[in-house]
1. If we count trypsin sites (Lys or Arg not before Pro) as exposed when they sit in a DSSP loop and have at most 16 other beta carbons within 10 Å, what is the longest stretch of the chain that avoids them all?
2. Give me 87, 43 ranked fewest to most by other Cβ atoms within 10 Å of their Cβ, as a rough exposure proxy.
3. To the nearest 10 degrees, how steeply does helix 53-63 sit against the main Cα axis of the chain, on a 0 to 90 scale?
4. What number, in nm² with one decimal, is the all-direction average of the projected area of the convex hull of the alpha-carbon atoms of the chain?
5. Rounded to whole Å, give me the distance from the Cα center of the stretch 3-75 to that of the stretch 86-107.
6. Can you compute the FRET efficiency between residue 106 and residue 86 using 1/(1 + (r/R0)^6), with r the Cβ-Cβ distance and R0 = 41 Å? Round to the nearest 0.05.
7. Do the sum for the chain: with -39,500 (n - 2.57) for every DSSP H run of n ≥ 4, divided by all residues, what is the mean residue ellipticity at 222 nm, to the nearest 500 deg cm²/dmol?
8. Loop-only GluC sites (Glu not before Pro) in the stretch 7-73, please: DSSP not H, G, I, E or B, and at most 16 other Cβ atoms within 10 Å.
Amino acid sequence: MKLIIAIVQDEDSSRLLSKLMLQGFGVTKLATTGGFLKAGNTTLLLGVEEERIQEAIQIIEKVCKSRKQMTSAPTAVTGVAHGEYSTYPVEVTVGGATLFVLSIDQFMKV
Ligand code: 2BA
């Protein structure tokens, strides 16, 4: 048994959840927030038998799209008092999905 932690974009989460459930994967959905954009994203927890890991990853890869998003980055303002900052727009590419695959010592339901 392994645990896949998948951080995905909110836009992909419903479709991904449906596909995974349809294929018989157990899934828990968490509402999370990305540290960089400080915007909502979705984290899925999947307990998966070793032989189905690749199948799960393929489904995630197929459903989760990468998207471009604008954010603002701080830049020091020149010609004004020390320590003052302005912001300028920066484009970042988010996703498809960020995955962590962890080994699980024990899986039980009591
Ligand atoms: P966020 O932290 O909101 O990051 C959104 C996107 O901003 C990232 O997309 C990446 O393209 C960009 N980004 C993140 N940190 C950056 C930085 N220091 N400088 C410049 N650009 C930066 P993804 O890499 O696809 O990540 C999507 C979300 O997955 C992240 O949302 C975060 O919630 C999670 N994530 C990504 N890497 C992680 C890690 N090593 N550990 C934990 N969570 C991670």
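1. Details: sites that count: 38, 65, 109.
The segment 66-108 is the longest one with no such site.
2. Numbers: 87 11, 43 17.
Final ranking by Cβ density, sparse to dense: 87, 43.
3. 50 degrees
4. Numbers: hull surface 37.5 nm².
Here the figure is 9.4 nm², rounded to one decimal.
5. Cα centroid of the stretch 3-75 versus Cα centroid of the stretch 86-107: 9 Å apart.
6. Values: r = 52 Å, r/R0 = 1.28.
About 0.20, to the nearest 0.05.
7. Rounded to the nearest 500, it is -7000 deg cm²/dmol.
8. Values: sites: 11, 49, 50, 51, 55, 61; in loops: 49.
Passing sites in the stretch 7-73 are 49.
Bear in mind that the values in this text are calculations on the coordinates, not laboratory data. Since we're looking at a predicted model, the values are computed, not measured. Don't worry about glycine lacking a Cβ; one is built from the backbone with ideal geometry, like all the others, and counts go over all protein chains shown.
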